[in-house]
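Colleague: Below you will find the structure I want to go over with you.
The values are calculated or read from the model by the stated rules, or taken from the named source; none is laboratory data. Just so you know, these numbers come straight off a predicted model, no measurement behind them. For neighbour counting, all protein chains shown are included, and Cβ atoms are generated from backbone atoms with ideal geometry for every residue, glycine included. To get the accessible areas, we keep the full protein, side chains included, count just its heavy atoms, and leave off ligands, DNA and RNA. Shrake-Rupley method; radii C 1.70, N 1.55, O 1.52, S 1.80 Å.
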Amino acid sequence: DPLVVPAGGFVVLGSNADTKTNGNVEVDYEYSGITLSNESDDLSLVADGVVIDIVTWDDGATMPDPDGGSLNLEPDVLALGANDVPGNWCTALDPWDGRGDAGSPGTGNELCSTFDHDGDGYTRDQGDCDDTSSTVYPGAPELEAGVDNDCDGDVDGETAIDRQFWYADDDMA
């Protein structure tokens, strides 16, 4: 039977239908005769003899080679052919089971820690503690009360602007 993938959706392929070994996710298609490993290989999606897409990996030469994690395609680069670019792949980091495996089956791809998602010049791998906010990065000025703008682990109650006004008022007294 054909699998229909809705726009913006996904299907889950699994080597078995046992939800206990699939992250409590039901598979849409149970396959056999396929072994996915960290070696060099490719996986093709073919319909009616036409290759729809193909992903090739290379044992860590240009793509991540995770142990205990899944490869993850950066969600911001899901355009046609984006999965052909090794730099658009990363190792999934979000754990999904009690054994330490990362990259949950049946959920959307997490943001790659190797990408700068907010354009502030830092990635999660480079210490950005909130890669969705361009005012939060290592060494940033503390501009927002209650936010760790500089990623030093301390959330200040006042901001650099508050301190500037306090010192200005103190000097005037």
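Colleague: Could you check how much of the accessible area of the stretch 114-153 is carbon and sulfur, as a whole percent, using a 1.4 Å probe?
Modeller: 47 percent
Colleague: What does the charge count near residue 14 come to, summing +1 for each Lys or Arg and -1 for each Asp or Glu among other residues with Cβ under 9 Å from its Cβ?
Modeller: Combined, the nearby Lys, Arg, Asp and Glu give -4.
Colleague: Kindly report the accessible area of the stretch 1-130 per residue (heavy atoms of protein chains, probe 1.4 Å, no ligands, DNA or RNA), in Å².
Modeller: With all protein chains present, the stretch 1-130 gives 65 Å² per residue.
Colleague: What distance in nm separates the simple spin-label points at residue 155 and residue 30, each placed 7 Å from Cα in the Cβ direction?
Modeller: So the label points at residue 155 and residue 30 sit 4.6 nm apart.
Colleague: Continuing with the same structure: At a Förster radius of 22 Å, what calculated FRET efficiency corresponds to the Cβ-Cβ distance of residue 135 and residue 77, to the nearest 0.05?
Modeller: Step by step, r from the Cβ atoms, then E = 0.35.
Colleague: In the stretch 26-80, if every C-alpha pair distance is counted and binned at 5 Å from zero, what percent goes to each bin?
Modeller: Distribution as computed: 4, 13, 20, 26, 23, 12, 2 percent.
Colleague: Tally the DSSP beta bridges in the stretch 1-80 and give the antiparallel ones as a percent, rounded to 5.
Modeller: The antiparallel fraction comes to roughly 80 percent.
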